[in-house]
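Shown next, in structure tokens, is the structure this report addresses.
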Amino acid sequence: MRKWEAKMTFTDVYCDDADFKTARGIVPNCIKHSLALFTMLPGGIKVTQPAKSNEEVFYILLAMPEEFTWSEFWAALQAAQFSKSVCNKALKKFVKKGFIVKKEGKYIKNTKALKKVSKRA
């Protein structure tokens, strides 16, 4: 986008970290809009529910308090229109990857692991 705005005509373009993070924020929305448009076109596919990404579930995890219950996580996912099975699978996956720890019926964030991963996102 900066190349176009600055009317640059050279063919080689290098992407720095800020550009890459910006692109990672834009691309998922472009995919959602493309899917929505395609479903509206004659002969397009029929989608009963918009596609959701694992990245969205991860961002919901980041927004959760340091300690939370299954019900609290499920409520947050439900508000974002995810299914209960996605909730259960995500929690198992996050425990397995070490992002959270299950203790006495509650989930506790592993802030060190989450910071390490969220820096890459």
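So is Lys46 at pLDDT below 75 and open to solvent by 40 Å² or more (accessible area, probe 1.4 Å) or not?
Considered against the rule, which asks whether it is at pLDDT below 75 and open to solvent by 40 Å² or more (accessible area, probe 1.4 Å), Lys46 comes out as yes.
Need the failing condition index for Ala51 against (1) at pLDDT below 75; (2) open to solvent by 70 Å² or more (accessible area, probe 1.4 Å), just the number. (2) is the only condition that Ala51 fails. Taken over the stretch 81-112, the criterion of being open to solvent by less than 30 Å² (accessible area, probe 1.4 Å) and among the hydrophobic types (A, V, I, L, M, F, W, C) is satisfied by Phe82, Cys87, Ala90, Leu91, Phe94, Phe99, Ile100.
As a summary of the residue check, Asn29 satisfies the conditions (1) at pLDDT 75 or above; (2) under 29 Å from Ser85 (Cβ atoms); (3) of a type outside the set (A, V, I, L, M, F, W, C); (4) open to solvent by 80 Å² or more (accessible area, probe 1.4 Å) except for the one numbered (4).
Across the stretch 100-116, which residue is farthest from Arg24 (Cα to Cα) among those that are in contact (Cβ under 8 Å) with a residue 40 or more places away in the chain and hydrophobic (A, V, I, L, M, F, W, C)? Only one residue tops the list, namely Ile108.
The values are calculated or read from the model by the stated rules, or taken from the named source; none is laboratory data. Computed from a predicted structure; not experimentally measured. Note: ideal-geometry Cβ built from the backbone for every residue, glycine included; neighbour counts use all protein chains shown. Each accessible area value is taken on the protein alone, full model and side chains, heavy atoms only, with ligands, DNA and RNA left out. Shrake-Rupley method; radii C 1.70, N 1.55, O 1.52, S 1.80 Å.
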